[in-house]
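Quick note: the coordinates plus some simple rules give every number you see, no bench work behind them. Note that the structure is a prediction, hence the values are computed from the model and not measured. Glycine gets a Cβ as well: all are built from the backbone with ideal geometry, and neighbour counts include every protein chain shown.
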Amino acid sequence: MVYLDTNILIYASVEQDSVKKEKSLDLIEKLAKSQKLVLSTLVLQEFVFTMAKLKIDNAIIKEDSDFYVDFVSVEYDYLTLQKAIECCCSNNYCKNINDIIHLYLAQKAKCKKLITYDSDFKTLESLNAVAIEIL
């Protein structure tokens with residue numbers, strides 16, 4: 001199972017970088033077809049927020065979200081938040097709390113890998129056993 005960070009979905013949906021868009025779309029399609037795609041409630045929440053912030057039409061946000069919701073298999077809960085707060089405070093990573101939550105959710109979903117465009121994740125590699133791939 002492979003957990004995708006929110007930025008993969010954003011690049012797949014928005015015309016910002018044609019190379020990243022194509023790469024993201026191919027990755028999502030491959031993982032979806034092989035039934036290895038894992039998303040969380042946090043990914044979907046961040047996706048909707050970011051798309052709205054980018055002033056993407058609500059109809060597109062809804063259509064894309066309706067597709068992605070079928071791959072949401074792990075929920076963001078209080079215990080995950082509590083664990084992330086403890087981790088970020090003890091390791092001075094509080095500016096990366098959402099990334100830490102993503103890592104814990106990937107681990108909770110028994111994912112082997114988390115894929116992202118966010119190089120900040122490299123500093124978090126030692127926090128759990130989920131491999132991080134930066135595209």
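Say the cut-off is 26 Å between C-alpha atoms; which of LYS62/LYS112; LYS55/LYS122; LYS20/LYS83; LYS55/LYS108; LYS21/LYS113; LYS55/LYS112 go over it? Violating the 26 Å limit, Cα to Cα: LYS62/LYS112; LYS55/LYS122; LYS20/LYS83; LYS55/LYS108; LYS55/LYS112. Between the amide H of VAL72 and those of LEU39, distances stay under 5 Å, these residues lying 5 or more places away or on another chain, with hydrogens modeled in the peptide plane. Over the chain, Cα pairs under 8 Å with separation of 6+ residues give a relative contact order of 29 percent.
If R0 is 30 Å, what FRET efficiency do you get for GLN82 and ASP57 from their C-beta distance, rounded to 0.05? Here the calculated transfer efficiency is 0.25. Comparing VAL38, VAL72, VAL19 in a Gaussian network model of the chain where C-alpha atoms under 10 Å apart are linked, the largest mean-square fluctuation is found at VAL19.
Positive end of the dipole of the chain (Cβ unit charges, origin at the Cα centre): among LEU79, VAL130, ILE56, the Cα lying farthest that way belongs to VAL130. The Cβ shell under 12 Å around ALA131 holds other residues with a net charge of +1, Lys and Arg each +1, Asp and Glu each -1. Sorted fewest first by neighbouring Cβ atoms within 10 angstrom, ILE8, ILE115, ILE97, ILE61 come out as ILE97, ILE61, ILE115, ILE8. By the Cβ distance rule (another cysteine Cβ under 4.7 Å), the unpaired cysteines of the chain are CYS87, CYS89, CYS111. Let me make sure I get this right: for the range 27-98, a, b and c are the square roots of the gyration tensor eigenvalues over alpha carbons, sorted descending. Under 1.5 in a/c it's rounded, otherwise prolate if a/b > b/c, else oblate. Which is it? Judged from the Cα gyration tensor, the range 27-98 comes out oblate (a/c at least 1.5, b/c at or above a/b). The charge dipole of the range 2-134, taken about its Cα centre with unit charges on the Cβ of Lys, Arg, Asp and Glu (plus for the first two, minus for the last two), comes to roughly 320 debye.
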